[in-house]
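Right, one structure below, let's go through it.
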Amino acid sequence: MEKYKSATYWKDFKNIEEIDDKTSILSLKPEFDFSIENGALRLNDILKNEMISIYNMAGQLVKRTTANSSIDISDLQRNAIYVVKVGGQTFKFINK
């Protein structure tokens, strides 16, 4: 911490605090079931027409759609992690 307080540029910041930087997304389990099969993300027990947003790890929106039985993810990069937001719930998946 002291190195930041004395480092060029960083020393100009006020109120530098050390925090435990853990994402809570990994620990959240959505209230619905989901699976990935044959290039499709399947979401069960969500409201029809619920907005679904998929983001890459850079935070860029890569797909947005309304809920139906499945979402085609075959066009998304393989072996990458994505964040899915459905209503007020968020979870991560790996597109294998």
Taking only Cα atoms of region 42-96, radius of gyration then Dmax in Å
10.7, 29
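Give the carbon-plus-sulfur fraction of the accessible surface of region 24-96 in %, rounded to a whole number; probe 1.4 Å, heavy atoms of protein chains only.
Looking at region 24-96 in its full context, I get 46 percent from C and S.
The values are calculated or read from the model by the stated rules, or taken from the named source; none is laboratory data. All figures in this text were calculated on a predicted structure; none of them were measured in a lab. Please note that ligands, DNA and RNA were not included when accessible areas were found on the heavy atoms of the full protein model with its side chains. Shrake-Rupley method; radii C 1.70, N 1.55, O 1.52, S 1.80 Å.
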